[in-house]
Amino acid sequence: MGKELAEPDWPPLTDDEVSEVLGGWGTPDSAAQPVMAWRSPRPMSAAALVRLGTMTVFLKRHHAGVRNPAQLAAEHAFASHLRRRGQPVPLVLRRANGQSVLRRAEFCYEAHELAEGVDLYRDAVSWSPYTGRGHAFAAGRALAALHLAAADFAAPARPFAVLMNSCRLICAADPRAEADRLAGEGPGLAAYLAGRRWPEDFEAYLLPLIRRAAPLARTLPGQWGHGDWHPSNLTWTSAEPNAQVSGIFDFGLDNRTFAVHDLAVALERSVVPWLDLTAEADLDAAAALLDGYRQVRPLTGLEAAALPRVLPVVHLEYALSEAAYFTSVTRSAADAGLAYEYLIGHARWFGQPQGAALLEFLGQHLGRGLRPVGVAYGLSAGR
């Protein structure tokens, strides 16, 4: 949370807990004694890599106020669809009863095969930048391939919930009314916003940006996206600058939005130094990610025009859902305050010189053709 390390919201998985939970999953080495290989330091859930004989399982525990079995099943359905379409998504493991989720008291558990490749960004702070243009280019290509594979996934959008992505607000015909509805759907969120300058901040900083984005956003076809595309949710073929994406995981924020929305999320998560809002965006990384994406899935004229308008507001629904998490689940006023600063501050940044420069650059870059791959990113043209 911010620049400082924070205590996790949830206690770590214990050896006894892991042994009890994994006993019902139908893994090839389910009879082996689980050995904890690594525990995730991420604060909003408890997760670990567990060795079961020759197999390594990724096990994750959620509080039921964050993810219930139905919500996790929706994530698993999308991940499984992508895997069937040839995407490098780890297999969702199922229990002997065929279910992919275990509910025990106030917690829910899910298990996946280990993602293939090198987890280069595992210890990086969330939303850290790519280490080079080659990785950004490869990530753009991988995201475009995911969008092509996701295009025929027909499930409806997931309802607003804590720690969830959405595009309801930025596509709404009446953004004020939709903001009120979203606040009412987030447990404790309406009461929290009533104690802030929410009406004034919404009117001054958010509404003009939403009105600029909405006319184009509403014209774009809906489809599912990853929802949280950044380098630490990917694994890589090597540690080299020209490494390719070899695994895609963590679909906890996935939802039915539209392709440009998901692409804007990918830019927001990796090219803007949010912990130092006086710094400039990484324009080279933005260009590389967009060029990689467009090499696999060219943007339409409407999509190219929409991207710089959607980017300043792509975070709004998630920021609201994060505030709902801190107000209703962990009940941390300090963290809720950080979420509110994220909600308003990120939107305000795009009106400052650094943010305006990024939006201007995106518009100019999307109007130009792709740079030669080998020259720009150190990759062979056949990669």
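The values are calculated or read from the model by the stated rules, or taken from the named source; none is laboratory data. Everything quoted here is computed from the prediction, not taken from an experiment. No Cβ is skipped: glycine too gets one built from the backbone with ideal geometry, and neighbour counts run over all protein chains shown. In case anyone asks, the SASA skips ligands and DNA or RNA and just uses the protein heavy atoms, side chains included. Shrake-Rupley method; radii C 1.70, N 1.55, O 1.52, S 1.80 Å.
Assorted remarks:
- Members of segment 354-368 found to be modelled with pLDDT under 95 and touching a Lys or Arg at 6+ places or on another chain (Cβ under 9 Å), listed by number: none
- Boolean, Ala183 is at pLDDT below 95 and either out of contact with any Gly (no Cβ under 7 Å at 6 or more places or on another chain) or over 30 Å from Pro88 (Cα atoms) (or both): yes
- Matching option when the condition is at pLDDT 95 or above, more than 28 Å from Phe160 (Cα to Cα) and of a type in the set (Lys, Arg), among Arg84, Arg133: Arg133
- Qualifying residues in segment 220-233 (those that are among the hydrophobic types (A, V, I, L, M, F, W, C) and over 11 Å from Arg269 (Cβ atoms)) - the one surrounded by the fewest Cβ atoms within 10 Å (Cβ to Cβ): Leu220
- Residue in segment 281-296 that is β-branched (Val, Ile, Thr), surrounded by 21 or more Cβ atoms within 10 Å (Cβ to Cβ) and at negative phi present: no
- Restricting attention to segment 25-37, the residues that are within 29 Å of the chain's Cα centre (by Cα) and modelled with pLDDT under 80 total 2.
- Number of positions in segment 150-172 that are free of Cβ contacts under 8 Å to residues at least 12 places away in the same chain and not charged (D, E, K, R): 1
- Considering only residues in segment 183-209 that are surrounded by fewer than 22 Cβ atoms within 10 Å (Cβ to Cβ) and of a type in the set (A, V, I, L, M), the one that is nearest to Pro312 (Cα to Cα) turns out to be Leu209.
- Long-range neighbours under 7 Å by Cβ, at least six apart or interchain, first residue under 17 Å from Gly337 (Cβ atoms) within segment 195-216, second part of a helix (DSSP H, G or I) and open to solvent by 60 Å² or more (accessible area, probe 1.4 Å): Tyr205/Arg348
- Residue list for segment 48-60, filter: open to solvent by 10 Å² or more (accessible area, probe 1.4 Å) and either in a strand (DSSP E or B) or over 10 Å from Pro34 (Cβ atoms) (or both): Leu49, Arg51, Thr54, Met55, Thr56, Phe58, Lys60
- Just one residue in the set Arg42, Arg94, Arg85, Arg67 is buried (at least 20 other Cβ atoms within 10 Å of the Cβ) and on the phi < 0 side of the Ramachandran plot; that residue is Arg67.
- Consider segment 246-294 and keep the residues that are β-branched (Val, Ile, Thr) and not in a strand (DSSP E or B). The one that is nearest to Ala70 (Cα to Cα) is Val265.
- Whenever a residue of segment 83-106 is over 14 Å from Leu22 (Cα atoms), its partners that are among the aliphatic types (A, V, I, L, M) and assigned to a loop (DSSP other than H, G, I, E, B), lying with C-beta atoms within less than 9 angstrom and at least six residues away or across chains, give the pairs Arg83/Val89; Arg83/Leu91; Pro88/Ala115; Val89/Ala115; Pro90/Leu114; Pro90/Ala115; Ala105/Ala64; Glu106/Ala64.
- Residues satisfying the stated conditions in segment 319-336, i.e. under 16 Å from Asp228 (Cα atoms) and either in contact with a Gly (Cβ under 8 Å, 6 or more places away or on another chain) or among the acidic types (Asp, Glu) (or both): Leu320, Ser321, Glu322
Okay, residues lined up against (1) open to solvent by 10 Å² or more (accessible area, probe 1.4 Å); (2) free of Cβ contacts under 8 Å to residues at least 40 places away in the same chain; (3) of a type outside the set (Ser, Thr, Tyr):
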| position | (1), (2), (3) |
| --- | --- |
| Ser246 | yes, no, no |
| Gly252 | yes, no, yes |
| Glu268 | no, no, yes |
| Leu307 | no, no, yes |
| Glu317 | no, no, yes |
| Gly345 | yes, no, yes |
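- Here Pro215 meets the list (1) at pLDDT below 95; (2) farther than 25 Å from Val66 by Cβ almost entirely, failing just condition (1).
- Being under 23 Å from Ala77 (Cα atoms) and either of a type outside the set (Ser, Thr, Tyr) or in contact with a Phe, Trp or Tyr (Cβ under 6 Å, 6 or more places away or on another chain) (or both) holds for only one residue in Cys171, Cys108, and it is Cys108.
- When restricted to residues that are surrounded by 15 or more Cβ atoms within 10 Å (Cβ to Cβ) and assigned to a helix (DSSP H, G or I), segment 347-367 contains 11.
- Matching residues in segment 124-143 - criterion: being surrounded by fewer than 21 Cβ atoms within 10 Å (Cβ to Cβ) and within 17 Å of the chain's Cα centre (by Cα): Ala124, Val125, Ser126, Trp127, Ser128, Pro129
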